[in-house]
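Written below as C-alpha cells is the structure these notes are about.
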Amino acid sequence: MSNETVFDNKLYLLHDDFSYLKKNREPYIKWALFGFASIATLFVFLIIIFLISEGAPFFAAVPLQEFFFGTNWLPDSDFYGAFPIFIDSILVTFGALIIAIPLGIFTAIFIAELAPPLLRKILKFTIEILAGIPSIVYGFFGVIVLNVWIKDIFQLHDGRSWLSGSLILAIMALPTIVSVCEDAIREVPDYYREASYAMGATKWQTIRRVVIPAGMSGITAAVVLGIGRAMGETMAMTLVLGNKFRLPDPLTNMLSQVAVITSTIALTWGPTAAGSLPQLGLLALAIVLFFMTLLVNTTSNIILNRVQKKFRGDLAVKKHSKLRNLFVSNSILKKLVKYKQLMATIIISLLIFWIFPDLLSKIIGSGICIGASTLFWGRSKISPKYKRFIDYALGLSFIGWVFSTWIGIFLSVSICLLILVVLTFFRELSTVGQQRFWFGVVYTCSIFAVLMVGIIIFYIVSKGLPVFLEPGFLTGTPKNSGREGGIFPAIIGTLQLTAGSILFALPLGVFAGIYLSEYAKENRITKFIRAGIDNLNGTPSIVFGLFGVVFFIVFIGLTRSILVGSLTLGLMILPTIIRTTEESVKAIPHSFRAGSLALGSSKFQGISKIIIPAAIPGIVTGSVLGMGRSAGETAPILFTAVKSTAQYVSLSIFEPTMALTYNLFRLSNEITGGLERAAGTALTLLLLVLILYSFAFIVRLKYEKKKRW
Amino acid sequence: MVFKIKKNNNNEIDHQNQEFSNNEYVIECKNLNLWYEDTQALININIEFRKNKVSSIIGPSGCGKSTLLRCLNRMNDVIEGCKIEGEVLFNGKNLYASNADIRLNRKKIGMIFQKPNPFPMSIYDNITYGPKIHRVLDKDILDKISEKNLKRAVIWDEVKDRLDESAMGLSGGQQQRLCIARALAVEPEILLMDEPTASLDPIATQKIEELILDLKKEWTVIIVTHNMQQAARISDYTCFMYLGELIEFGETTQIFENPQKKLTENYITGRFG
C-alpha cells in the first residue's frame with residue numbers, strides 16, 4: 001500500500017467537490033420513462049377512439065338491430081345484417097376449441113409433469129415453432145393440404161369449409177393453450193405433489209386430484225386466451241373458410257362454407273371507397289371484434305392475476321373471498337347460487353331453441369347444453385350415478401349433433417355403448433392400470449402435437465423446395481404478376497418492414513418496460529397502463545391494420561408506404577417487447593440494485609450500468625421474437641404498406657412495397673396458377689421466421705445456463 | 001505542486017481529526033421510529049456509535065436490527081410504505097434533513113449485504129464501479145484504486161491474475177471480500193455490515209472476521225449479526241435489540257459478562273432467541 005496511491009485516491013475520492021451529486025436528474029428520467037409507458041396505453045385508446053369515431057356514421061345509417069340480427073350481409077345492395085358472420089365466428093372458434101383444449105391440456109401435462117428435461121426442451125421448442133409459423137403459412141397449408149384432404153374424404157367440389165377452418169384454428173390456438181397451461185401447472189408448488197405422494201397416491205392420481213385442481217384457474221385462463229387467439233385470427237381464415245356470408249345449413253353442417261369477422265374485413269376492405277357505407281360496415285365489424293377480444297383478454301388477465309396471488313398467499317384473494325361471502329351470505333342470493341346450475345341450463349337451452357332451426361337439432365342441442373352445463377356447474381355435487389349418466393348423455397348428444405342424421409344417431413348410440421363397455425372395464429382396472437391408460441392419452445396428444453408441426457413443415461418444404469432451389473428465385477424480380485420469376489423485392493420489403501417496426505418498437509418498448517419494472521408504484525395508474533398493454537397484446541392483427549389506415553393514412557395523411565406499415569407492425573409488437581423487458585429486468589436480483597445504491601449511485605446509474613446489461617439477453621430474445629412476429633404478419637400491412645403493383649425494390653420509406661406474407665396471400669388467393677411460386681414464398685417466409693425464433697431460443701438457452709445469481 | 005500541498009494538508013487534518021476525535025461519536029440516532037405500513041419496526045431508538053470501533057447489533061430474528069442498520073445509510077428509502085421519524089446524525093448532521101445529500105452520505109457510509117452481491121461483470125469492473133460513479137475516469141488511477149482496495153480486503157493475491165474474469169465465478173467468501181473491497185473503493189468513513197457471514201462457511205467466516213478486525217484501524221464498522229460468538233469475538237461495543245426496541249448497549253465485555261437487563265441476560269445465555 002504505497003503512499004503515492006493513497007494520495008491519488010484522496011485526491012480523487014476524498015475531495016470535497018461533490019457538486020455533481022447535487023444535479024438530480026431522477027425526476028426527469030422517471031417522467032420521461034413514464035411518458036414512454038403511457039404512449040403504449042395511449043394507443044389502446046387511440047384504437048378505440050379512432051375505430052369508433054370513424055365507424056360511428058355507420059350506426060347512424062344502419063339500425064343496430066339490423067346490424068346485429070339481420071341475416072343478409074350484402075354491402076353492394078345495402079344489406080348489413082352481420083348476424084351470420086357473428087354466429088359463424090362463434091361456431092368456427094367453438095369447433096377449434098373442441099379439438100385444441102383437450103389436446104393442449106394433455107400436451108401441457110406431459111411437458112410439465114412427465115417429460116424428462118431434454119424432451120421437455122425439445123417439445124417446448126416444437127410448440128414455439130408452432131406459435132412462430134406465420135398465419136398466412138397456415139392458410140397456405142390449408143389450401144394445398146387440408147382443403148384437398150377434406151374435399152377427397154367428403155367428396156365435395158371445394159374443400160374450403162368450417163371444418164377446415166376449425167382444424168387450422170385448433171393448431172394455431174394450441175401453442176397458446178399449451179404454454180399458458182404449462183405455466184399454470186408448473187406454478188403449483190411441489191409440496192402439494194409431495195403431500196399427495198406421501199399418502200401413497202400414484203403419479204396420475206396426483207396430477208388428476210391435486211395438480212390440475214390447483215392449477216385450474218390458470219388452465220381456464222389458457223382456454224380463454226386460446227379463444228382470443230382463435231377469434232382474432234385473420235389470414236389463414238381468408239384462405240380456408242370459403243367466405244360465404246351465411247349460416248351453415250343445417251347449423252351443424254361443418255362442411256358448409258362460412259365467413260368470420262376477420263376474414264370478411266381482410267377480403268372485402270380492399271375495393272371499398274374511403275368513407276363509403278360498405279367500408280364503414282367493415283369498421284363496425286372491427287369494433288365488435290375489438291370489444292370481443294377486449295372482453296376475452298380482460299377475463300383471462302383477471303384469472304391469471306388471481307392465479308399468481310393464490311400461490312403467493314396474497315391478500316387480494318382473501319379480499320375476494322370476503323366479497324364473495326358478503327354476497328353469498330344473503331339468503332336469497334344463497335338460494336340463487338344453489339340453483340345456478342338449473343338456471344344456467346334453462347337460459348342456455350332457451351338460447352339454443354332459438355338458434356337451432358329444426359326440431360331434431362333443438363332436442364340434441366338442448367341435450368348438449370344440459371349435459372355441458374351440468375358438467376360445468378355442479379358436477380361435484382351430484383351423485384356418481386347421475387354423473388355417469390351425464391357423461392353418456394353428453395357423448396351421445398355431441399356425436400348426434402355432429403352428424404345430425406338418423407345414421408348419426410344410430411352411430412352415436414353404438415359409440416356410446418362402446419364407451420360404456422370401455423368405462424365399465426376401466427373402472428375394474430387397478431390404479432396403476434388407470435395411470436397407464438391416462439398416460440397413454442397424454443403421450444398420444446403430445447405425439448399428435450409434434451406430428452402436426454412435422455406434417456406442416458414437411459408439406460411446406462416438399463412443395464416449396466423445388467421452387468426455392470430454382471436459380472434466381474431468391475434474387476430475381478417477379479414476372480407475369482408473380483406466377484414466374486423471383487421474389488427478391490418481397491424479401492427486401494419484408495426485411496424493411498421488420499427493421500422499421502423494431503426501430504419504432506424497441507426503444508419505446510424497452511423504456512416502457514423499465515418504467516413498469518423499476519419506477520412504477522403499484523397504484524391505479526400503473527394497473528391502468530398494464531391493462532392497456534395487455535389488451536394491446538391481445539388485439540387482433542386485422543384491427544391494427546384498420547387502425548393503421550384510419551389513424552396514419554386518413555387522420556395524419558400519410559400514404560400507403562413502408563413507413564406506415566412499419567409503424568403499424570411496431571405497434572403490434574410493442575407489448576411483446578415491453579413485457580419481455582419488464583420480465584427480464586424484474587428477474588434481476590434486488591441485491592444488485594441495493595449494492596449500487598449503497599455506493600452512492602443514483603437509481604438510474606444502477607439501472608443503466610448494471611440492470612440493463614444483465615437483462616440484455618432477455619431483451620434480445622423479446623425483440624427477436626417481435627421481429628419474427630412482424631415478419632410473419634399480413635393483416636396489419638395489407639392496407640397500410642403493400643401494393644400488388646409494387647413488384648420492385650422500393651428504397652424510399654414513403655413508397656409502398658411488396659412483402660413475403662402479402663406475396664404468399666395474393667398468390668394463393670387472387671392469382672390463379674400462383675400456387676407453385678406461393679410454395680416457394682411460404683418456404684422462404686418459414687425459414688426467415690424459424691431462423692429468428694431459433695436465434696431467440698438459443699440466446700435464452702445460453703442465458704439460462706450462464707445465469708448464476 | 002498544488003496537489004502536494006493539498007496532500008499534506010489533508011493528511012495533517014485527517015491526522016489531527018483522528019487524534020482529536022478518537023472517542024467521538026461518528027453516528028447517532030435520536031428518537032428514531034420506523035414503520036412499515038402499519039407495523040412499527042423501530043421504537044424510539046437512541047444510540048451512538050464510536051469512531052474506529054467495531055459495534056455489533058444482536059437480537060433475535062425480526063427484532064429490527066437490519067432495519068436499524070439500513071436507517072444509517074437510508075437504504076430503507078427504497079422500500080415502499082416505509083415511514084421514518086427522528087434523527088440520524090452523521091458527523092453532527094442529520095441524514096434525514098431535507099437538504100441532506102443521500103448519495104453523498106451513502107458514499108461516505110458503505111454497506112455490505114447479507115448475501116454477497118457482486119455485480120454480474122468482471123472483478124475489475126466491480127471495484128471501479130463506485131469510483132466511476134463518483135467521476136473518477138482516469139484508467140491509471142482506477143488501476144491503482146482497484147489494486148489498493150483488493151489489497152485492503154485481502155483478496156488481491158487470489159484474484160490479481162484474473163481481474164477481467166466474471167466476479168460471479170468467485171467462491172462465496174471471495175465474493176464477500178470483493179464486495180468489501182468494492183465498498184472501500186469509494187473511500188467511505190463507516191462500513192455497515194448486515195450479517196456479512198450469514199451465507200458463508202466457517203473458514204470464509206474466519207477470514208472475514210480477521211478482515212473486520214483489520215479494518216477497524218481505519219474505519220468505523222457497524223455489524224449486524226445473529227451469531228453471538230461472532231459479536232463477542234470481533235466487536236468493541238454490542239447493542240441488544242428486542243422487538244424493535246433497544247434493550248441494552250455497552251462495551252462487549254460488559255454486555256456478555258455482566259448484562260444489566262434481565263432480557264439481555266436471557267438472550268445471551270440462550271434462554272430464548
Backbone HN-Hα couplings from phi across the stretch A:518-524 [Karplus 6.51/-1.76/1.60, Hz, Gly and Pro as x]: 9, 10, 5, 8, 6, 10, 5
All-pairs Cα distance distribution in the stretch B:150-227, expressed in whole percent, bin size 10 Å: 18, 55, 25, 2
Whole-number percent relative contact order across the stretch B:85-181, with pairs defined as alpha carbons under 8 Å at least 6 apart: 35 percent
Fraction of the pair-distance distribution of the stretch A:516-563 above 18 Å, Cα-Cα pairs, percent: 51 percent
Amide H partners (placed H, <5 Å) of B:I57, local residues excluded: B:I223, B:V224, B:T225, B:C239
For the stretch B:32-165, the Rg and Dmax computed from alpha carbons only, in angstrom: 17.8, 51
Square roots of five times the Cα gyration tensor eigenvalues for the stretch A:27-100, Å: 38, 22, 7
Rg ratio (alpha-carbon, reference 2.2 N^0.38 Å) - the stretch A:524-598: 1.52
Residue-averaged beta-carbon neighbours from other chains (10 angstrom radius) around B:111-119: 5
Average other protein chain Cβ within 10 Å of Cβ, residues A:587-598: 6
Neighbouring partner chain Cβ atoms per residue of A:609-615, average, 10 Å criterion: 3
Separation of alpha-carbon centers, the stretch B:139-185 and the stretch A:99-150, rounded to whole Å: 50 Å
The stretch A:156-177-the stretch A:30-67 distance, computed between alpha-carbon centres (Å): 31 Å
With 5 Å bins from 0: P(r) over the stretch A:152-241, alpha-carbon pairs, percent: 3, 13, 17, 14, 12, 11, 9, 8, 6, 4, 2, 0
Net charge of neighbours whose Cβ lies under 14 Å from the Cβ of B:Q114, counting Lys and Arg as +1 and Asp and Glu as -1: +1
Viscosity 1.567 mPa s, temperature 4 °C, Stokes-Einstein D of the stretch A:564-609 from Kirkwood C-alpha radius, µm²/s: 103 µm²/s
If the convex hull is drawn through the Cα atoms of chain B, its volume per residue in Å³: 141 Å³
Between helix B:123-133 and chain B: long-axis angle, C-alpha atoms, 0 to 90°, nearest 10: 80 degrees
Residue-wise HN-Hα coupling along the stretch A:172-178, computed from phi with Karplus coefficients 6.51, -1.76, 1.60 (Hz; x: Gly, Pro): 6, 7, 4, x, 4, 4, 4
Pairwise centroid distance, computed over Cα atoms, of the stretch A:451-494 with the stretch A:230-293, Å: 28 Å
Sequence ranges A:131-144, B:107-120, A:587-600, ranked by mean other-Cβ count within 10 angstrom, highest first: A:131-144, B:107-120, A:587-600
Which of B:K83, B:K144 has the fewest Cβ neighbours within 10 Å, and the rest in rising order: B:K83, B:K144
Cut-off under 5 Å, modelled amide H: who pairs with A:V642 long-range: A:T657
Helix-only mean residue ellipticity at 222 nm for chain B, each DSSP H run of n ≥ 4 adding -39500 (n - 2.57), per residue, nearest 500: -11500 deg cm²/dmol
Estimated vicinal HN-Hα couplings, Hz - the stretch A:559-571 in sequence order (Karplus 6.51, -1.76, 1.60; Gly, Pro = x): 9, 4, 7, 4, 4, 5, x, 5, 4, 4, 5, x, 4
Rel. contact order, % - alpha carbon contacts under 8 angstrom, at least six apart, the stretch A:11-109: 12 percent
Volume in Å³ per residue [convex hull over Cα atoms, computed for the stretch A:112-191]: 114 Å³
Placed amide H near B:C82: partners under 5 Å, 5+ positions off or other chain: B:E37
Degrees, to the nearest 10: B:202-215 long Cα axis against longest axis of chain B: 80 degrees
Sequence of B:K65, B:K217, A:K124, A:K463 once ranked by neighbouring C-beta atoms within 10 Å, starting from the fewest: B:K217, A:K124, A:K463, B:K65
The stretch A:604-708: trypsin sites (Lys or Arg not before Pro) in DSSP loop, at most 11 other beta carbons within 10 Å: A:R708
Equivalent ellipsoid, the stretch A:550-686 (semi-axes from 5 times Cα gyration tensor eigenvalues, Å): 41, 18, 11
Relative contact order (percent, whole number), the stretch A:566-692, Cα cutoff 8 Å, 6+ residue spacing: 24 percent
Listed residue pairs exceeding 27 Å between alpha carbons, taken from B:K83/B:K216; B:K108/B:K262; A:K23/A:K609; A:K23/B:K148; A:K23/B:K132: B:K83/B:K216; B:K108/B:K262; A:K23/B:K148
Total formal charge among the other residues, if their Cβ is under 13 angstrom from that of A:T41, Lys/Arg +1 and Asp/Glu -1: +2
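Rule-based calculations on the coordinates, nothing more; no lab input. Bear in mind the structure is a predicted one, so any value in this text is a computation, not a measurement. Note: ideal-geometry Cβ built from the backbone for every residue, glycine included; neighbour counts use all protein chains shown.
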